[in-house]
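Below is one structure, written out as structure tokens; the observations come after it.
The values are calculated or read from the model by the stated rules, or taken from the named source; none is laboratory data. Source: prediction; values computed, not measured. Counting neighbours? That spans all protein chains shown, and the Cβs are built from the backbone with ideal geometry, glycine included. Calculation scope for accessible area: heavy atoms of the full protein, side chains included, ligands and nucleic acids excluded. Shrake-Rupley method; radii C 1.70, N 1.55, O 1.52, S 1.80 Å.
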Amino acid sequence: MIRKLRGEWVFAAIRPAGKKPGLWALPKGNIGPGEKPDATALREVEEETGVQARLVTKLGDVRYVYTWAGERIFKVVSFYLLRYSRGRLGAIEPEMRVEVDEARWLPLADGPKLLAYGGEKQMAEKALAEVRDGL
């Protein structure tokens, strides 16, 4: 999720619970029963950051494989460009504190180097391109 703050494009990043300070990620989560992926993105951003947003466009998918309990899991994560609508960053419900330690606005131009995960770095680059193309 992005917004213009004091003339600069920024994005909402979270530090997942239990991760070291300075490890930044994008909000994301599992699709609920009967929920569309874009609706999931809006819900997860609100739950993990405390702010509401509106859908701009889909940025893309990140595919990866990981091992859990000895089983290989193939995962696809869809990312959407969202624009801030209202709310105060970090004003999340107490039950979400088990998932998120911190939420912060960070400069969008720095997203590709600040985000911890490769696929999310790529999504930050795509968001930058959207902004440069005249969002």
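Per-structure values
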{"read-out": "Residue 60 long-range amide H proximity, modeled H, under 5 Å", "value": "79"}
{"read-out": "Listed residues 18, 80, 40: farthest to the positive end of the dipole of the chain (Cβ charges)", "value": "80"}
{"read-out": "The chain, Cα convex hull volume normalised per residue, Å³", "value": "122 Å³"}
{"read-out": "With Cα atoms, 0 to 90° folded angle of helix 118-132 axis to the chain main axis", "value": "20 degrees"}
{"read-out": "Angle between the chain longest axis and helix 37-49 axis [Cα atoms, degrees, rounded to 10]", "value": "80 degrees"}
{"read-out": "Residue-averaged [θ]222 nm for the chain, counting only DSSP H segments that reach four residues, each worth -39500 (n - 2.57)", "value": "-7000 deg cm²/dmol"}
{"read-out": "Per residue Cα convex hull volume in Å³ - calculated over region 32-95", "value": "121 Å³"}
{"read-out": "Label-to-label distance, nm, for residues given as residue 83 and residue 117 (7 Å Cα→Cβ offset)", "value": "2.7 nm"}
{"read-out": "Total formal charge among the other residues, if their Cβ is under 11 angstrom from that of residue 81, Lys/Arg +1 and Asp/Glu -1", "value": "+2"}
{"read-out": "Per-residue SASA entry for residue 66, accessible area with 1.4 Å probe, Å² rounded to 10", "value": "80 Å²"}
{"read-out": "Accessible area (Å², 1.4 Å probe, nearest 10) - residue 73", "value": "50 Å²"}
{"read-out": "Stretchable slack from residue 19 to residue 35, in nm (0.36 nm times residue separation minus alpha-carbon distance)", "value": "2.9 nm"}
{"read-out": "Set of lysines near residue 20 by C-alpha distance (under 19 Å), chain-local residues within fewer than 8 positions excluded", "value": "28, 113, 121"}
{"read-out": "Probe 1.4 Å, accessible area per residue of the chain, Å²", "value": "59 Å²"}
{"read-out": "In Hz, Karplus ³J(HN,Hα) per residue of region 17-27 (6.51, -1.76, 1.60; θ = phi - 60°; x = Gly, Pro)", "value": "3, x, 8, 5, x, x, 8, 10, 9, 8, x"}
{"read-out": "Over the chain, relative contact order from alpha-carbon pairs under 8 Å, at least 6 apart, %", "value": "30 percent"}
